[in-house]
1. So which residues in segment 57-84 are closer than 20 Å to residue 272 by Cα and surrounded by 15 or more Cβ atoms within 10 Å (Cβ to Cβ), if there are any at all?
2. With surrounded by 16 or more Cβ atoms within 10 Å (Cβ to Cβ), under 17 Å from residue 233 (Cβ atoms) and at pLDDT 80 or above as the only criterion, which of 296, 301 stands out?
3. Considering only residues that are surrounded by fewer than 17 Cβ atoms within 10 Å (Cβ to Cβ) and in a loop (DSSP other than H, G, I, E, B), which ones fall in segment 220-251?
């Protein structure tokens, strides 16, 4: 393809990025909003200072966050290997140096975000570049902390990000929009907007996905919310929805926002289950055990978990869930007249 053709195609991304900038509230379905709010209310009932609780929960979930965000990008470290690399500094035979660096860089980036979230000042372009620098530290080909200087394409997508010379202005415009929030988006909508905004600008040679998810985490943390974890088990759907949304003729914003909301519900359930539970039904248990009590088939439950229809979390090769979340799913299905196997 000639350079001029590529240039013209890339400029077609600009109206789409403007559409992201101009998004209005109400993109997350009300039932999902209520489920998010309910779990947050449960977390707040513990009696502990909220800011301390957020800090402790993020600290406890660093391995979980790191594993999922690097695995989505193709890192082949297992959950247990990721834990050993980060906590014990071990080298895993057969894995690349890059895979090890990707793992150890994420907790360091989360630590910096936690510090940044406590500072009462607006987000800056340098903050975004700093996140990229931390995420890609030691990976020279990713050009840590620098925006790209050439065209980039997306594997499997017809979307072509904007030309490199537009990137500095677009990042500045994004940062301004996230700081002013002119359309009064909710904190979760603003975080999900920030993620979509950054991946669509595609400001870096490599690392845009990890940076976008961390940017969403920072937007939430600065507003007193817990970060969202996009689970690797939902990778195919995640990529599919991003690609559908980036179809500049008819972008599917609502589908993307509802997907992110479901991932946030699963994340909040994980955070909630990680606390000292007041009753057995608030503990995270094996999905198979919860299913057995409810009289449900293991294969059916696994399908629901993989599709993100229940807020289950995978650790290693096993799925976990709070019993109350499975019970509420069953009740909702019965109320809608849909059979539960």
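1. Filtering segment 57-84 down to residues closer than 20 Å to residue 272 by Cα leaves 57-68.
Residues satisfying the conditions are 57, 58, 61, 62, 63, 64, 65, 66, 67, 68.
2. 301
3. Selection gives 223, 224, 247, 249, 250.
The values are calculated or read from the model by the stated rules, or taken from the named source; none is laboratory data. Values in this document were obtained by computation on a predicted structure and should not be read as measured data. Please note: Cβ atoms are built from the backbone with ideal geometry, for glycine as well, and neighbour counts cover all protein chains shown.
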